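Okay, structure first, notes after.
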Amino acid sequence: MSREITSASTRLPGRFDLHSERRSLKLGLEHSQTLIHFRNLNFFPFPESGYINTEFAFNARHFFDSNQEGEPVSVRYNFDQAADWQTDFLSEPIVYHRFYSGGRKTVTMQARKGDLLSEVVTKEIYVREGLRIGESLLNDIGFSPDGDSMVILSSNRIKVLGIQSGDTLLIGGYEEEVTVMKMSADGGVLFTGSSAGTVKTWNPVTGECLQVFHAHDGSVLSLHPVPGREEVLTYGSDQNLILWSIQSGTPVWTVQLPREYVRSLALSPDGNRFALGSEYKTIITGDMKTGAWVSRFEYDNSWIDSLVYQQTTGRLLATTRNGEFARVIDVEHELTVIDGGSSDKMMGIVFSGDGRFALSSSKDHRVTIWDLTEGHVLSDFHSTDDWIFNNPFSQGKPYVACRGWDNSIKIFDYTTGSCYAIFLMPEGYLKASEFHPDDRRVAVGGTDNKIKIWNLATGTVESAFDTGYVWPRTLSFSPDGKHFAYASDEKTVQIWDIDSVSFLHDIEIPEDRIRQVAFFGIEPLILIRGEQSLTIYDCRTNEIIQSFEGNQKIVKSAILSPDGSYLLACGLDYVVKLYGLTNGKVITDYRGLTSMAIEIRVSENNHFVYARTEAGQLAVWDRGSGSLLWMLDDPKRKVTAMAISPDGLVLATGIRQDLQLWSTITGNDLGTIGSHQQNITAVVFHPDKPMVMSGGLDNMTRIWSLQERSMIATIKGGTNLRVSPNGRYLMNGYGGEMRIWNIDEELRGLR
């Protein structure tokens, strides 16, 4: 509707007040005690743009009425009180600004109409820290057509991750920001676009860059390989829509679009049509051969979020939302396919690549999967504090990916709603992890100086603790699960309350570097192992109640007995010593080693003591008498890892690359059940199934059946190998990342 300014006193409701005597344009404001708020000017995180990490947008649409007579209103802005305005006056209704760090930010704005200027107005906003992979912001993911691989797009790198194998391939390195990516239909080529306007093609198996061409004078905002042709359609911030010949790297045709933000681009299954969803509530279809417009659909009261052509039917589907409802519609037949409910509760709706399914996320953290062919809900589940990707669906398997503010990617099986796997994308390298006593949570700490407690059922972070400027090297939960203790290379152990996320107190261990902390007992007590000391700390009295003697300056390993009644440790004298906890005195010596023990175990029945040395020896003693029962000492067959079965009858060892089984009582060789390509570094038994798992320097975890004496699964990642006490979760590490897998009776999906 047209509005005409007739005098200096004319008031434009909801827009601005014009005071000609001051020759200024004044934004409509409302004041509070803490902040100045723009009326009808909304700041919001903008997930639809594909850069939800730290990008904010402000909607100044009410300033830009195309039918308003006179000169248009424009706006300029400045973030964080920079020396200069970051842009001249803009005539765009949506302004985007991307932050590269979180925290409280200041935005300064000014409006102009002709030669009239508004007051300079300042507002504070809070920006959540974005997801990161190292120094890169995590932007988007995509699945390979077979569903076996996931392509992870960060701000300056691309990583191909095997979902089942965990294989990781780093593709290239960008000096500019990677803005968009898409996999070809056959999975043979990966396409990427950048903020510098370049389009690159890659071999997703080898990481080789196949081709580079300059596509746009500005960022590449969207790209789509054309089905069945050696062509790719791109759209850039220069407002150009271009069809490219991949072979020659030259444009087939170019269409200069009006100055409106294209929110979505889709291609028909036969490659003959394309569709655009614009900022101005319009859908346009075009001819792929010529770029000419074919049809135009206008929606006066609805925003167009995303588009897709359904492969089975050829229908063009769109997600729309207005002030009340969010829907999926059949564009050409003007039908509602699904009604997503109130739009003020919806975070967004995205399609699967073939148009068979849609995923909607809501502000109450519900994720709903819709069958678009039948028009009903296929499944819905809870995924707290998670955001959806632009391309969350796997075509080859029933997987959907969500990302959280906890720096993770979660893979859900949408037929069951269960979290299939969690990939922790580290801000730094992960250094310590521990399962919670309730078997439902795990604590992880790394070089990002944070400890995060994860809920394993939902795949979300329940709480996070900032450790300051130190890396947590070791951590432990109290037996009741209410507290945890951690230590770094400093000389201090810190104790935290989990429920309140509050620091309780610390323990000073002067002149020593702490290497291990462990809660035990009902009281509870904490065992603290330093490089030169062993200490028992009473949490009730907040006092050190016992120190242990006799380890000749260096303590390499220590362990408490299963019943918490005594302590075993080994030092530079190569003697494993058993200490009484009440007086700190040595009760029994276990001799026979010729190098320092780096790992000590006690059988569940308290009858046997096991030790593995840094030279590869393995010794077994009678706990009561201290007599040596049997020993492996062969320089050609060094023991690199060990574990005792839950029934205490079988000892599993890594003998270099081989996984070997032994009778714990007699020492008889029970045979080799398999091998790694490099030395085995970790072995663990499943707590209630006849399985043993081994991790090696080949960065592989292998799962073995004790009954069949054969390998039943392999997973990428060979460090920090653990199984939760209830046997439901397998944890392993790879390259500073941590993977947590949900395993069932047959390790479904890992075979």
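Answer yes if at least one residue in region 278-292 is over 25 Å from S195 (Cβ atoms), modelled with pLDDT under 85 and within 36 Å of the chain's Cα centre (by Cα), and no otherwise.
Narrowing region 278-292 to residues over 25 Å from S195 (Cβ atoms): 281-290, 292.
If we keep only those that are modelled with pLDDT under 85 too, we end up with 281.
From what's left, within 36 Å of the chain's Cα centre (by Cα): 281.
Yes: region 278-292 contains one or more residues that are over 25 Å from S195 (Cβ atoms), modelled with pLDDT under 85 and within 36 Å of the chain's Cα centre (by Cα).
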Apart from one, (1) in a loop (DSSP other than H, G, I, E, B); (2) assigned by TED's automatic domain parsing to the domain that holds K289; (3) aliphatic (A, V, I, L, M) all hold for A185; the odd one out is (2)
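Which one is modelled with the lowest pLDDT, of the residues in region 573-613 that are basic (K, R) and in a loop (DSSP other than H, G, I, E, B)?
Among them, the one singled out is K585.
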Within region 199-211, residues modelled with pLDDT of 85 or more and buried (at least 17 other Cβ atoms within 10 Å of the Cβ) come out as V199, K200, T201
Over region 631-647, the set of residues more than 35 Å from the chain's Cα centre (by Cα), surrounded by 16 or more Cβ atoms within 10 Å (Cβ to Cβ) and in a loop (DSSP other than H, G, I, E, B) is D633, K638
_Test: residue in region 215-225 that is at pLDDT 85 or above, closer than 18 Å to G271 by Cβ and touching a Gly at 6+ places or on another chain (Cβ under 9 Å)_ = yes
Log entry, pairs with first residue in region 469-481 being under 13 Å from T492 (Cβ atoms) and among the hydrophobic types (A, V, I, L, M, F, W, C), second being in a loop (DSSP other than H, G, I, E, B) and modelled with pLDDT of 80 or more, beta carbons closer than 8 Å, six or more apart or on different chains, reads none
Reported set for region 294-318 where residues are over 17 Å from P225 (Cβ atoms), assigned to a strand (DSSP E or B) and at pLDDT 90 or above is V294, S295, L316, L317
Flagged in region 672-712 as part of a strand (DSSP E or B), of a type in the set (A, V, I, L, M, F, W, C) and touching a Phe, Trp or Tyr at 6+ places or on another chain (Cβ under 9 Å), in numbering order, are I673, M691, V692, M693, M711, I712
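Per-residue answers, yes or no, for (1) touching a Phe, Trp or Tyr at 6+ places or on another chain (Cβ under 6 Å); (2) farther than 23 Å from P725 by Cβ; (3) at pLDDT 75 or above; (4) not hydrophobic (A, V, I, L, M, F, W, C):
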site	(1), (2), (3), (4)
F435	no, no, yes, no
V444	no, no, yes, no
T474	no, no, yes, yes
V493	no, yes, yes, no
I507	yes, yes, yes, no
R515	no, yes, yes, yes
A518	no, no, yes, no
E531	no, yes, no, yes
D538	no, yes, yes, yes
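The values are calculated or read from the model by the stated rules, or taken from the named source; none is laboratory data. The structure presented is a predicted model; accordingly, all values stated were derived computationally and were not measured. Cβ: placed from backbone, ideal geometry, glycine included. Neighbour counts: every protein chain shown.
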